[in-house]
Number of protein chains: 2
Amino acid sequence: MANPIRIGIVGYGNLGRGVEACIGLNPDLQLVGVFTRRSPESVIPLHAHTAVFALDELSTRTTEIDVLILCGGSKNDLPEQSPQLAAQFSLVDSFDTHARIPEHFDAVDATARASATTALISAGWDPGLFSINRVFGEALLPDGASYTFWGRGLSQGHSDAIRRVPGVAGGVQYTVPSDAAIAAVRSGSRPELTTRQKHTRECFVVLEPGADADAVRTAIITMPHYFDDYDTTVTVIDAETLARDHAAMPHGGFVIRSGTTSAGTDQVIEYSLALGSNPEFTASVLVAYARAVHRMNQQGQFGAKTVFDVPPGLLSPKSAAELRAELL
Amino acid sequence: MANPIRIGIVGYGNLGRGVEACIGLNPDLQLVGVFTRRSPESVIPLHAHTAVFALDELSTRTTEIDVLILCGGSKNDLPEQSPQLAAQFSLVDSFDTHARIPEHFDAVDATARASATTALISAGWDPGLFSINRVFGEALLPDGASYTFWGRGLSQGHSDAIRRVPGVAGGVQYTVPSDAAIAAVRSGSRPELTTRQKHTRECFVVLEPGADADAVRTAIITMPHYFDDYDTTVTVIDAETLARDHAAMPHGGFVIRSGTTSAGTDQVIEYSLALGSNPEFTASVLVAYARAVHRMNQQGQFGAKTVFDVPPGLLSPKSAAELRAELL
């Protein structure tokens, strides 16, 4: 086997931990270490042999790392880190603020091109794998309609929102796709679906002592943007139940393209994910794209990239000839 | 819009007709004509304005065509045509004899590299879209198992086989995936499945006058390679029913990857197709890849290619910036 691809992890929350675990499943990859803004001594990695460094040390280790995997948040970390680190490293990030992707791309592209690095932004499953399937769907069935459903899964943003409601001590929110809506889409009838028809929202909350359950329920289901466009249920549970039954971070969803190739001939393409752990799966996507990024950089493909720019074969540790013989 | 991409169709059966129909759905593509080994006057295209030429005329039209879509068979046509035509044209074929893909690739690659053309082999849905999903599955979930199910769909090869049985005047065969097997795979339990457990085969036959139904049934269900490893049902129908209910060519299937990212955390990726017409959908795949092939040729990427080598964004008529803004 060729030299392993040397990976650095920037940021160590759920996603960073998932990347650390995933690198262990890929013999062609080698983890150089975790780079953190916290005090390195305060970070306990999954594996005792994983090195933890201060983020500042990165600039002294440019020759030891082939690809950085950025595991920070899209709101504050990545808009700053990705353009900055692309000046010294090839990298993968999971920037997922859809509306701001073009400006993030441009910022990263400028430094990556100037520095002969390769920086893939917005990897993960949405944006990421779901996006790829939206492109395939449109390209293969131009006379058609695309649908994306999310869930059943824990939404971090909506869980944070319910925890900010007065009287709520803790809670989680699950986004649930409508079975009826999915069935209508699969039938090829190309339904027009409202937000309310596509998904429902299930909240599980622990109340603070003395809080009024009805007031909490009303505050949640009428919350603008987050809940008012949806049919929302609120179930009050105790803290023990929350800790026992709602600690996992399952997620998933469906991308469905329904189209017609001639009068009366329907074709349906469906891609779905059922994820036991959202951060661990997202990490798996980032790791596979880190392999592709390293190869693209070696081929001289510099600048910002997205999943749309990556030939699928580059994600695999196998050679092109092996893939043709075994998987085509 | 830029100049349209000019397409020639080589061979005009069900697949060629599907390509003709599909090009009409894509405004950035233009059909130069159909090229046939038959007498051009004997070919009636879908659209009256479609030009039909003798295959020999191709060599006089090299400057009028950007990409050829080869619609002949994998047994006799493509092994000869693809390497030969790659000397003058960029092209897409749907070579689907899995075991002979490496040698077909090498033969096409030699002429395409020498001629600065780009020749994508084995496009379609399997090989093709299903292959891409097998690569993604392995790369994303290295600790896992992959499963491909086909159907419910009409199998041309098996239908041909039952029509060769003495006493059979006509018939069709449907490959049917087992619901129980799919459910077991989706559960994440990574079952080991025998051929018999994965699919059943349903045959509908019209008997010749005086033929013995039991003898025909026995001959079919014991036929080596085709049926003896499967649970097969044989239903006798009349010629009218065959013509009325079994003229469509539906197909589809599932590629499922079930894997684990940490102890007890299962992840399942599923890709499925429900196709009203197998040849029309296969044609849609060939047409989208013809667009990509033309772009790769313009980028100087010469030689034989497969779907593993094609960045998804190249399949779309939209620009990279449009895709990032609208679909990522």
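The values are calculated or read from the model by the stated rules, or taken from the named source; none is laboratory data. Worth saying up front: this structure is predicted, and the values here are computed from it rather than measured. No Cβ is skipped: glycine too gets one built from the backbone with ideal geometry, and neighbour counts run over all protein chains shown. For the accessible areas, the whole protein counts, side chains as well, though only heavy atoms, and no ligand, DNA or RNA atoms are used. Shrake-Rupley method; radii C 1.70, N 1.55, O 1.52, S 1.80 Å.
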Among the helices (runs of 4 or more DSSP H) lying completely within the stretch B:6-119, list those that include at least 1 residues that are open to solvent by 30 Å² or more (accessible area, probe 1.4 Å) and among the β-branched types (V, I, T). B:101-115
Which ones in the stretch B:75-133 are farther than 18 Å from A:A321 by Cβ and free of Cβ contacts under 8 Å to residues at least 12 places away in the same chain? B:N76, B:E80
Within the stretch B:120-150, can you find the residues that are polar (S, T, N, Q) and open to solvent by less than 10 Å² (accessible area, probe 1.4 Å)? B:S122, B:S131
Of the criteria (1) assigned to a helix (DSSP H, G or I); (2) touching a residue at least 24 places away in the same chain (Cβ under 8 Å); (3) over 30 Å from A:I182 (Cα atoms); (4) out of contact with any Ser or Thr (no Cβ under 8 Å at 6 or more places or on another chain), which one A:F136 fails: (3)
Scanning the stretch A:198-230 residue by residue, those of a type in the set (V, I, T), in contact with a Phe, Trp or Tyr (Cβ under 7 Å, 6 or more places away or on another chain) and more than 18 Å from A:H246 (Cβ to Cβ) turn out to be A:I221
Could you pull out every one of the strands (runs of 3 or more DSSP E) wholly within the stretch A:215-328 that has 1 or more residues that are within 10 Å of chain B (Cβ to nearest Cβ) and either modelled with pLDDT of 95 or more or under 30 Å from A:S115 (Cα atoms) (or both)? A:251-262, A:265-275, A:303-305
Among what's in the stretch B:191-214 and is among the basic types (K, R) and in a helix (DSSP H, G or I), pick the residue that is farthest from the chain's Cα centre (by Cα). B:R196
Breaking point among (1) over 19 Å from the mean Cα position of the chain (by Cα); (2) open to solvent by 20 Å² or more (accessible area, probe 1.4 Å); (3) in contact (Cβ under 8 Å) with a residue 40 or more places away in the chain, for B:G303: (2)
Pairs returned, first residue in the stretch A:224-240 that is over 14 Å from A:T175 (Cβ atoms), second residue that is charged (D, E, K, R) and surrounded by 12 or more Cβ atoms within 10 Å (Cβ to Cβ), beta-carbon separation under 6 angstrom, 6 or more apart or interchain, are A:V234/A:R217
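May I ask you to say which residue of A:G253, A:G264, A:G259 is within 24 Å of B:L275 (Cβ to Cβ) and open to solvent by 70 Å² or more (accessible area, probe 1.4 Å)?
A:G264
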Determine if the stretch B:318-326 includes at least one residue that is of a type in the set (D, E), assigned by the TED database to the domain that holds B:N14 and closer than 30 Å to B:Q88 by Cα. no
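Here's the yes/no breakdown for (1) at pLDDT 95 or above; (2) of a type in the set (A, V, I, L, M); (3) more than 26 Å from A:R295 (Cα to Cα):
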{"site": "A:P4", "(1), (2), (3)": "yes, no, no"}
{"site": "A:G11", "(1), (2), (3)": "yes, no, no"}
{"site": "A:A21", "(1), (2), (3)": "yes, yes, no"}
{"site": "A:P27", "(1), (2), (3)": "yes, no, no"}
{"site": "A:L31", "(1), (2), (3)": "yes, yes, no"}
{"site": "A:F35", "(1), (2), (3)": "yes, no, no"}
{"site": "A:P45", "(1), (2), (3)": "yes, no, yes"}
{"site": "A:L55", "(1), (2), (3)": "yes, yes, no"}
{"site": "A:T63", "(1), (2), (3)": "yes, no, no"}
Scan the stretch A:170-189 for residues that are within 14 Å of chain B (Cβ to nearest Cβ) and either within 24 Å of the chain's Cα centre (by Cα) or on the phi > 0 side of the Ramachandran plot (or both) and jot them down. A:I182, A:G188
Does any residue of the stretch A:308-315 turn out to be open to solvent by less than 10 Å² (accessible area, probe 1.4 Å), under 26 Å from the mean Cα position of the chain (by Cα) and charged (D, E, K, R)? no
